[in-house]
Every structure is written in C-alpha cells, then in structure tokens.
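*Asks:* I have a structure I would like to understand better, so I am pasting it below and will then ask my questions one at a time.
A short reminder: the numbers here are calculations on the coordinates, not readings from a lab. Not measured: the values here are computed from a predicted model. FYI the Cβ positions are ideal-geometry reconstructions off the backbone, even for glycines, and counts take in every protein chain you see.
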Amino acid sequence: MNARQWARDLAQGVRFAFTGGREGWVRAVLTAVGVGLGVALLLLTTAIPNALAVRHDREMARSDDLVLDTRIPAAADTVVVAHVDTEFGDTTVRGRALEPEGPRAPLPPGVDRFPAVGEMVVSPALKEVLESDSGKLLRERLPDRIVGTIGESGLIGSAELAFYRGGEDLAPYIDDARATRIDEFGFSGSPAEPLDPVLLLLVLVVFVVLLMPVAVFIAAAVRFGGERRDRRLAALRLVGADGRMTRRIAAGEALAGAVLGLVFGAVFFLIGREVAGGVEVFHVSVFPSYLNPSPLLALLVAVAVPAAAVLVTLLALRGVVIEPLGVVRTARPARRRLWWRLLLPLAGLLMLYPMIGKGRGNGDFNQYLVVGGVVLLLVGVTALLPWVVEAVVARLGAGAVSWQLAVRRLQLSSGTAARMVNGIAVAVAGAIALQMLFAGVDDDYTRNTEHDLTRAQMQVDVVRTVPLESAAEKLRRTEGVRAVYAYSEGMAGDRPKEPESSTWVTAGDCAALREVATLPSCRDGDVFAVPGVEYDTETPKLAVPGRTLYLDPSYEGGPERATVAWRVPHGLKQARARTWLTGAERGGFLITPGALPAEAGQALFQEVYVALDPSARDAREHVRNAAAALHPMTNTTTWAATEKSGRFTSIRTGLFAGAVCVLALIGASLLVSQLEQLRERRKLLSSLVAFGTRRRTLSLSVLWQTAVPIALGLLLASAVGLTLGTVLLKMTDTPVRVDWTSVLSMTGIGAAVVLVVTLLSLPPLLRLMRPDGLRTE
Amino acid sequence: MTPPGSLLCAERLHKAYGPTVALDGAGFSIHPGEIVAVMGPSGSGKSTLLHCLAGIVTPDSGTITYDGRELSAMNDAQRSALRRSEFGFVFQFGQLVPELTCVENVALPLRLNGTPRKEAERAALSWLERLEVDDLAKKRPGEVSGGQGQRVAVARALVTRPRVLFADEPTGALDSLNGERVMELLTEAARATSAAVVLVTHEARVAAYSDREIVVRDGRSRDMEHAI
Amino acid sequence: MSIGHTLLGLLESGPRHGYDLKRAFDEKFGHDRPLHYGQVYSTMSRLLKNGLVEVDGIEAGGGPERKRYAITDAGITDVEQWLATPEKPEPYLQSTLYTKVVLALLTRRDAAEILDTQRSEHLRSMRILTDRKRKGDLADQLICDHALFHLEADLRWLELTAARLDKLREAVTR
C-alpha cells in the first residue's frame, strides 16, 4: 500500500462527492456550508484575543488620565484636556476639549491638528450620527464645525462616538478635576488590563454555543446520504475494491466537502470580519483590522477541520462492513446505557461549580474550566438525546395509524432520528443559556438601584460661573422636564484647613430641601440640622448655634479653595432625614437661600436634579442640550437608561438571527435526509396508497416522525439550557431570572423548523405516493 | 355493453404516460368470485390495466364500472375509500411496512377503516393462522423470508374481506415451490371469501390458478373466453 | 403435422407445379426432412379427390410433376379451419405450431391470433393439471408438474414467437 494508491482512492472519493447527481452536490454544498461556518467561527474566535489586545493598546495610547500625582506647569509642550463627555441615548460620547498651550503641544492619536475654538474633529460613527435625522438633537449640543475625522489609531472601535473640540480658558477646571494638563498622551508600559471577567465569560460562551451546533451539524453532514454511499461502496467492492479502499474512498468523499468548506470558511470569515466592524455589543465594537487570527491557529484550523471530517466518516463506518453484495451492520447495537451519558453533563456542571458565586469583582474565571464545562454540558445533550428518544419512544403506545407508523419507525431507528435533531437541541440549549446570561448581565450593567428613579432621573452639575437659580429656571422650562431640584452643596468644617470634624451642607429652596428631610416648617432664611444619619457623628457636635464653621475646607494635597466662614444661626431647627433623590440619606445642615452667605456660591458645588416626564420623547436629550447650552463644561449624568430594554432587544435580535441561521442550516440537512428516506420508501408509499391509505395519514406520520424527536430534543434542550443559564448567572453572581420569552422563542423556532421541513417534504411525498412507484421496472 | 352479472368492468381504456402509450383501447370484465389472469409480455400494459381497474390511476379515456358505479366519476377520496373497504392488494414486493410487525401490517387496512386496534389485530392474527404464518405475528418483515412475507401480504389483502383482490405478480420474487404455495393459499382463501381476483402475471403456471385469462399486448386486451 | 394442410396453404399464394410445391415446402419447413416426390404426388391426389385443389393446367410432357395445381374455395376454408383450431397441448408440437405461424404469415393471416388461441388451449390444460395436482397425492403432483413444466416451456416459446412475429414475417415473405 503506497501513497499513490491512497491519493488515487481519495481522489476517487472526491469525484464521487461531486458527481453523485443533484443529491451529491447538494450534500457536498451543505457539508461545505457547515464546515465553512465552523471554520469561520473558529477563525473569529482565534482572532478575538488579538482584537482585545489592540483595543487595549489604543485605549492606553490616547489616555489622558486625570489622576496624576504630579502637576506640571504650563509650557510650550503642554495641552489642557477637559473631559466633555456626553451621552446620546444610552451611548456615551467620548468628548475632549483641547487647549494647546504652546507650539509643541502633543496631539492625541488619530488627530493631525488641533481644532480651533468652535471646531471639532469627530469619529466616523459620530459623524454619521450627527448627519442623520435622529442625531439632530445631538447636533444641537455639539454645534461646532466638523473639520475632520479621528483616524482609526485614535479610536477603540468602529462604532465609538468620540470628538475633540477646541477649548479656551480650561485651566481653572484642573482644580475641579474636570481637566488636566499633560505633555504627552498615553501611558507607556502599562500592563494590559484584564478583560472584564463577565465580558470574557460572555465571549467564551457565545463562541462555544455557536460552535457546538455547527460541530454537531458537520458530524451529521458528513453522514448525509449514508445509505446511498454504502450502496455505491458495495458496488465498488463487487468490482474488486477491497475494504480498505472503500474506506479511503468514503474518506475522500468527506474530505471533498471539508476542503470546499475551508474555502467557504475563509469567505465567511472575511465577510464576518467586515460585519463585525459594524456590530456593537455592550458598547464594544472593533475594527475589521483588529480581527487577525494568529497564523499558527489559522493553520491549525485549516488542518484540523478536514481531518475531523474524515475522522467522523471513518468512525461512522467503523460499525459497518461493506460487502460486495451490500452493507452489513455489525451486530444489532446494544441497548443504550444511561450512566456514561449522564456523566458528561454532570462532569460539565462539576467543572463550572467551583466558579459559582465569584461574580464580577473577583470573577477570575478559569477559561479552560468554563469552556470545558459548557462544552461538556452541551455535548451531554447529544449524548443524552439518543437515550431519551429511545427510552421515550419505546414506551409510546399505539394511537392512530399515522402515529403508529411514526412511532414504530422511530422505535426501529431512534438513533437516526436523534442524530437528526441533535444539532437543533444543542443550538437551542446554548441559545437559551446565552440569552439568560445576556438578560441577567444586561440588567446588571444598566440597573442602578441606588437612585430613586421615581423622583429624579438626571443630575446636572452646574459650573460655578453659572448662577444656580437661572440654570434651574432654564432646565425647568426644558421640554419633557416635570420638576427640578437645585442644590448647592459642599462640606462644612470646624477649621478652614484640615478640619477635625466636618459635615455636609446642602442649600436649596424649601421645596428642594423637603426632598432631603422631613421639615417641621420652612421659610426662606431657615436653617436645619439633620442628625442621626448613618455614619454621621459630627453633625450634633457642629450644630451649636453661634459656632463659626467654614464652608468647603481644603485638605493637604488637594486644590486650594476659597473658604467661606458661616455662623450657625440661633434659630437652628431640627429635621429628620428622609431618603434623598440620590437614594441615600443626607445629614448635616440644610440651608435656605436666605440664610446662605452671598459669597458661599464660590465654595459650593451646584447641582440640579431633574425629574422627567416619562411620556415625553427625547426628554433626556433636551435636558442634555439645555445643560450644554448653560456652559460647555456642564456635566450631565443620567441615572438610569430607561431605554435599556431597547438595547437588550437588539442583542436578543442578534442572537435570534444567529440561532435562526444555525437552525435553518440544520433544517436544510433534515430536509435532505428526510427526502432521501422518503425516496427509499417510494415503493412502500405507493403500495400504502394503493390499498387506500389517506394522504393525510401518511403526511401526519411524516410530521410525527420529525415532531416527536424534536419535541424531546427541545424539552431536553430547555432543561439543559436553563441549567446552564442558571449556573452561568450564579457564576457572575447575578440574580437568577428565567427569561421565558427567549425559552419560548427558541423552542418556537425549533418547532417552526419541524413544521417547515415537514411542509417542504410534503410535495415530494405526495409525488412519491403516485402509483408510478408501483411499477416493477 | 357491460356483460350481465359483471362486478368490475372496463371498456376502451386509454392511458398514456407522456409519449408512452400504456393502454390503447383495453377492456376487462370480471364476475363476483371469479379469478381472472391478466397475461402479456413485460411493458404490455398489464400493470397499468390493474392500476386503472383498482382506481389507483385514472385512465385518459374509457369507462370503468364497479358494482354499478362509475369509477371515473369518483374523486380521489372516494376511490381511496373504495380501495380501503372493497379492494385488497398484493404486490410483487415492498408492500409491507418494515417498521411494523407482521400482525400490525395485516391489521393496517382494518385500522385505516377505523377498526379499534385490538379488534383489528385479533382479526389479523386469525388471517395469519389461515395462511399458516401465525408464528411470525411478532416479527418484522425484515426478519421473515420472501415466501412468508408474501403470505403476510396475502393475509393483509384479504383481512378486510374485499370483494376484489388485485394481485400484481404476487409470486414474482419467489421460487416455484414458494410461489405455488402462495398461489394455492391465495386462491383458496379468495374462493372461501368469494372474492374476485384480478391476477396480473406473465407466468403460465401462476395463470393456471385462474378461471380464465385475458391477454394484453401493446395496450390492447383480448378476452380469451369470448374469443373462442 | 399435416402435410396436406401445409401444401394447401402454400398453394394459397398462387398455383404451383408439384415440383415447386416440394421445393417451397423443403425450403420453409423441411429443413432436415425433405419431402419425397411420392408424398407430394399422393397428397395432391387426395386433395384433388376431396375437391380442395384443382388442376390449373398441364405442361407438355405429362406426368404428375408437370401438373399445375390451384387451391379451391373449399381448400381455403379448410386451411382456415386448420389454422384456427388449437393443437392439443402435448410435447414436441413446435414444428406444427411453427408451420402454422409461418403459413399464417405467408397467407397474411393474423399469426398472433393463432398464438393466443394456442395459449388459451395450453392454459386450459394447465388449469386441469393444476386442479388435479391440488387434489392428488404426491405422485400425482409430480406427474402433473412434469406435464405442467413442459406446457410452460411451450407457452414460453409461444410468447417468444409472438414477440418476434414481425421479424419472422420479414424472413418468410422475403
């Protein structure tokens, strides 16, 4: 036996793969599509670490981090950078105002010249938003002339919204930690920050969940048309091929599909890479150029996938002896045993168990355990399903004739039936788990339970140069605003510098103060002391009428502040704290405007809390615009995105689409094997029709035959999917909540696939039932 | 034109499959309880004639009358119902459902007619006994020999006590000894239930079990009884 | 096999001399057993006596071999009847059947009809044998089977001939 013989046999098999008539190439193409999807997914997976590394490098390179130990003086090579981030919808827009202080001021990456005041450079994604109809409100807020776009090197994703605009007089904000002076962008030599463990978990699970059904599909695809191939191989044996030769020819057939699949896979990957450039998950997007798989891994994929296809074929042929006059299956397969099948998912759970409860904080998930556990759980589905189908079908009683025909057929070949639905079951199980994880984690990412969202939803930090009263008035008149509560707040200490004891000072009108505490009565000029708040032991000490306190005392190392003296008045009233708009209780002194020294405004921060009209559209955008109109440096915070469901919907849609694609592919293969089976039974079908079987009976029996295993598959898939989802949520320390919508939608698609396959196989079935099949020739 | 006392009668049947003319003016007639062999070379149109007579295939033209009813005037559902209740079928091979046991196979036509399962299987078992294959009741078709399978098929064809039994080359796949035994059992059982038998065969020794024969050649039939 | 009917049949296509008749017979049917002149002479005189043929003319020189015979209407009817009557199914009757088929073709009669009629007759015998077999003991069965297989062989030959009638017509009328 030499290499030439091998090559010749394999080539013979490749030829058979494409010359087997329509079924032949349909099978080859389906196999190739399956292999192709697998290859593309594998390539994308191998590219992800690289993509994340590139993202991190870019992020570091443009860093202008505010927390710097050393302050540097203005020089020819410095630039003052102010953070002017804003939000649009629920997306953060990274904004920086740049004020170069000399000719050698450093430029941020991706920007080739400093924008002048009234100009800005924007990311391509932001430019698109600003130019779109939906971006009109944002354009109001960012009216500067767009003079260029930020290059790829200055962005961390294709969908990132970012801008740099020209600024002036930014230096005073350095003290407020709103701006910073730097002489270069970026940190050199900072260690790569590990990916958010939950995000990493998501990425891992997504790929395992998508890869598994494809793997199952490939395993099934290379066995398509097995009976026809067996007959062909038997014919080859008859004309003198030996057993080894036929095996090699069969391997060649599988190889053909796999190699074609590699080509498909490369194309799918390139398409997927481009598509990935336009996709954003949890505000993470990437540029196609980030997705470069390492050559070694790519080579590994290119070798491993065809090899696996050949291996599966040879394994499938292991229990088969191809004789010249037909195919003999060695011995009737033994009754399926349960214990080792249960072992797989149990082992999977066991691998995931140690990571339960780790959460995001210390969730240093072992990647191998995660992947191993998820894979084992999902593989467990494919191992358990044949047993479940066999066990259940064996116990199914006889019913109507169509039912009896279907059940008996399933009893005789439950393995084939189970193999057909394995892919669907794995896909559904994975998708359910994934959606649960997404839904849970998404809630976690967006829900901010501290704030009392029924009373206020936004916070506007008004800069000192803008009078609070006029700011509050402007915001109150903004479209969609129900109420505003304006406060000046800060600390009051017993000494102007390095105070020994200090407490909060909150100033506002009576209406605003009533949100902070239950007041006995309130008139302008009143001052209240609010003791008894958790962790606040200082207020009673300081609330001594006549005592002089200092508003906003400064600390060693902190910025120098204007300190204002204030005497605790004799008419001090006592009040009881209530939960404030921020969700916490606020103690200290509550001061009405009449009791506040005129110059206190210089010492205190000004904040306006805004309550929105829930029915008003774009209320948040209007508030942000109004805030920006007050002063460009106004910072606006949205406490909770009420549109979060919208965001989850898009992810759910994406997952749904992915699952539909995988299921459609599996459905196509189901249809092919279904038709193949029907054709083999052509004579039988004709004779059944001859003795008066209703077409409805036969059609129903075809439906049951697919529906029963799929129903069992979906049931098992739901159970495993919910288990896996629960475990994953527990791992991320997220409250377990079953997302029934996704369970129903996933099982719904699975059921739809059965229906469609049955419907599509009906016309050929009806055609096959014509009496032509009775002809003996 | 219908001969008096005829149960099933066909006249001037024409049927073409595309350019291939299968029947070109063939006729046929059978009396209750009569066994008529349809002979002729391969491709002469014998099977097409049988399919037309049984209402499986609709002829392009011509009339088929069964028990005073015109077959071509019935719709597919009515003809299916007729086949279920009045006709029985035995084919050369491939007609037993491989997943069902022999007794379930025999019970199938009864169940299609709505007979409860237990009752149907009881009747099926007695027919298996009659054809001397009751020991195969629990076996599947794949586990029995060709001759045994054909006896099961005969039992299935007769279980509804049809008035006409259509047999298309019922011994075609059997050796002479098995074929003979199947023919003996088939004709005996048919006579016992006074079923008429339309027996399509190209074998003279099978045709010898008939009362008379008609010959089909090039889509035309010759009724030998009337010819002499 | 009836030489008389055969010669009559040969005359149907036109009057012939006795010598011609012998030659035509030998060519078409007498492959290994040519006729003697004596057989032709005696047969023709019998046919003449029964009025099935008549003398159409005598060539100079006289003698039976010089006579030209023609078939009479009675003769045609006789051939007709002979062809239409199936032979008693028995072994080794191909030569008769063959002669009948060829003659039918030569005289442009329906040869298929002859074969159908014969099949029917064979089947009648086979039915009787089948019935006897069914009722009889093993010995009866074996004897009947022997006969049945022979009849079946004849029938197969009939079918084969029927399928090749067109070719045969071409060959004999050439």
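*Asks:* Of B:ALA120, B:ALA167, B:LEU13, which is farthest towards the positive pole of chain B's charge dipole, taken about the Cα centre with +1 and -1 on the beta-carbons of Lys, Arg and Asp, Glu respectively?
*Replies:* Positive-end residue among those listed: B:ALA120.
*Asks:* Let me ask something else about it. Could you tell me which Cys residues in the protein assembly as shown have no other cysteine's Cβ under 4.7 Å from their own Cβ, answering none if every one has a partner?
*Replies:* Cysteines of the protein assembly as shown left without a disulfide-compatible partner: A:CYS661, B:CYS9, B:CYS52, B:CYS102, C:CYS144.
*Asks:* I've got another one for you. Of the DSSP beta bridges with both residues in chain B, give the percent that are antiparallel, rounding to the nearest 5.
*Replies:* Roughly 55 percent of the DSSP beta bridges within chain B come out antiparallel.
*Asks:* If you don't mind, another one. I'd like the per residue volume of the convex hull spanned by the Cα atoms of the range A:458-639, given in cubic angstrom.
*Replies:* 118
*Asks:* Turning to a different aspect of this structure: Would you calculate a helix-derived [θ] at 222 nm for the protein assembly as shown, using -39,500 (n - 2.57) for each DSSP H run of n ≥ 4 and dividing by the full residue count, to the nearest 500?
*Replies:* -17000 deg cm²/dmol
*Asks:* Among A:VAL122, A:PHE88, A:PHE269, which residue has its Cα positioned farthest towards the positive end of the charge dipole of the protein assembly as shown, with +1 placed on the Cβ of Lys and Arg, -1 on the Cβ of Asp and Glu, and the dipole taken about the Cα centre?
*Replies:* About the Cα centre, the residue reaching furthest to the positive side is A:PHE269.
*Asks:* Could you tell me the largest-minus-smallest coordinate of the C-alpha atoms of chain C on each of the three principal axes, in descending order and whole angstroms?
*Replies:* Per principal axis, max minus min of the Cα coordinates gives 68, 31, 30 Å.
*Asks:* A follow-up question, please. Give me a single rounded figure for B:50-59: the average over its residues of other chain Cβ atoms within 10 Å of their Cβ.
*Replies:* 3
*Asks:* Also, quick follow-up: Considering only DSSP beta bridges whose two residues both sit in the range A:458-639, what percent are antiparallel, to the nearest 5?
*Replies:* 85
*Asks:* May I pose another question? First obtain the Kirkwood hydrodynamic radius of the range A:78-152 from its Cα pairs, then insert it into the Stokes-Einstein equation at 4 °C and 1.567 mPa s, and state the resulting D in µm² per second as a whole number.
*Replies:* Once the numbers are plugged in, D ends up at 99 µm²/s.
*Asks:* Among B:16-25, C:69-78, what's the highest-first ranking by average C-beta atoms within 10 angstrom per residue?
*Replies:* Ranking, from highest mean packing down: C:69-78, B:16-25.
*Asks:* Take A:LEU296 and C:ARG134, extend 7 Å from each Cα along the Cα→Cβ direction, and tell me the distance between the two endpoints in nm.
*Replies:* 8.6
*Asks:* Sort the following peptides by mean Cβ neighbour count (other Cβ atoms within 10 Å, averaged over residues), highest first: B:163-174, A:739-750.
*Replies:* B:163-174, A:739-750
*Asks:* Taking 0.36 nm per residue of separation and subtracting the Cα-Cα distance, what length does fully extending A:ALA511 through A:TRP339 add?
*Replies:* Full-extension gain reported as 55.0 nm.
*Asks:* Quickly work out the B:GLU132-to-A:ALA565 label distance, labels modelled 7 Å from Cα along the C-beta direction, and quote it in nm with one decimal.
*Replies:* 13.0
*Asks:* Starting from the exponent 0.38 and prefactor 2.2 Å, build the expected Rg for chain A from its residue count and divide its actual Cα Rg by it.
*Replies:* That ratio works out to 1.25.
*Asks:* Rounded to the nearest 10 degrees, what's the angle between the helix A:295-316 long axis and the longest principal axis of chain A, both from Cα atoms, 0 to 90?
*Replies:* Around 40 degrees separate the two axes.
*Asks:* So, one more: What dipole magnitude, in Debye to the nearest 20, does the protein assembly as shown give about its Cα centre under +1 on Lys/Arg Cβ and -1 on Asp/Glu Cβ?
*Replies:* In debye, rounded to 20, the protein assembly as shown gives about 4540.
*Asks:* By the gyration tensor of its Cα atoms, with a ≥ b ≥ c the square roots of the eigenvalues, what is the shape of the range C:86-174: rounded for a/c under 1.5, prolate for a/b over b/c, or oblate?
*Replies:* Because a/c hits 1.5 or more and a/b exceeds b/c, the range C:86-174 counts as prolate.
*Asks:* Would you please classify the overall shape of the range C:1-84 from the alpha carbon gyration tensor, given that a ≥ b ≥ c denote the square roots of the eigenvalues, rounded means a/c under 1.5, and beyond that prolate means a/b larger than b/c while oblate covers the rest?
*Replies:* Oblate shape, in that a/c is at least 1.5 and b/c is the bigger or equal ratio.
*Asks:* Dipole size in debye (nearest 20) for the range A:669-777 around its Cα centre, Lys and Arg Cβ +1, Asp and Glu Cβ -1?
*Replies:* For this selection, approximately 540 debye.
*Asks:* A follow-up question, please. At a Cα cut-off below 28 Å, give the lysines reachable from A:LYS541, other chains included and same-chain residues fewer than 8 away excluded.
*Replies:* Leaving aside lysines fewer than 8 places away in the same chain, those within reach of A:LYS541 are A:LYS497, A:LYS573.
*Asks:* Moving to a separate point now. Out of residues 5 or more away from B:VAL21 or on other chains, whose amide H comes under 5 Å of its own, with H placed 1.01 Å from N in the peptide plane?
*Replies:* Hits under the 5 Å cutoff: none.
*Asks:* In terms of Cα to Cα distance under 18 Å, which lysines are near enough to B:LYS139, apart from those fewer than 8 places away along the same chain?
*Replies:* The reachable lysines, counting only those whose Cα sits under 18 Å from B:LYS139, are B:LYS118.
*Asks:* Between rounded, prolate and oblate, where does chain B land on the alpha carbon gyration tensor, with a ≥ b ≥ c its root eigenvalues, rounded for a/c under 1.5, else prolate if a/b exceeds b/c?
*Replies:* Prolate is the answer for chain B, as a/c is 1.5 or above and a/b outweighs b/c.
*Asks:* Picking from B:VAL216, A:SER701, A:PRO49, whose Cα lies most toward the positive end of the charge dipole for the protein assembly as shown (charges on Cβ: Lys, Arg +1; Asp, Glu -1)?
*Replies:* Value: B:VAL216.
*Asks:* Another question, then. What's the magnitude of the charge dipole for the range A:458-639 around its Cα centre, counting Lys and Arg as +1 and Asp and Glu as -1 at the beta-carbon? Answer in Debye, nearest 20.
*Replies:* Taking the Cα centre of the range A:458-639 as origin, the dipole is about 380 debye.
*Asks:* While we're on this one: Per residue Cα convex hull volume for the range B:16-93, in cubic angstrom?
*Replies:* Per residue, the Cα convex hull of the range B:16-93 comes to 123 Å³.
*Asks:* Taking each residue in B:97-108, count the Cβ atoms of any other chain within 10 Å of its Cβ, then average. What number comes out?
*Replies:* Other-chain Cβ atoms within 10 Å of each residue's Cβ, averaged: 4.
*Asks:* Under a cut-off of 22 Å between alpha-carbon atoms, report the lysines in cross-link reach of C:LYS88, not counting same-chain residues fewer than 8 places apart.
*Replies:* Here the lysines satisfying the reach criterion relative to C:LYS88 are C:LYS100, C:LYS133.
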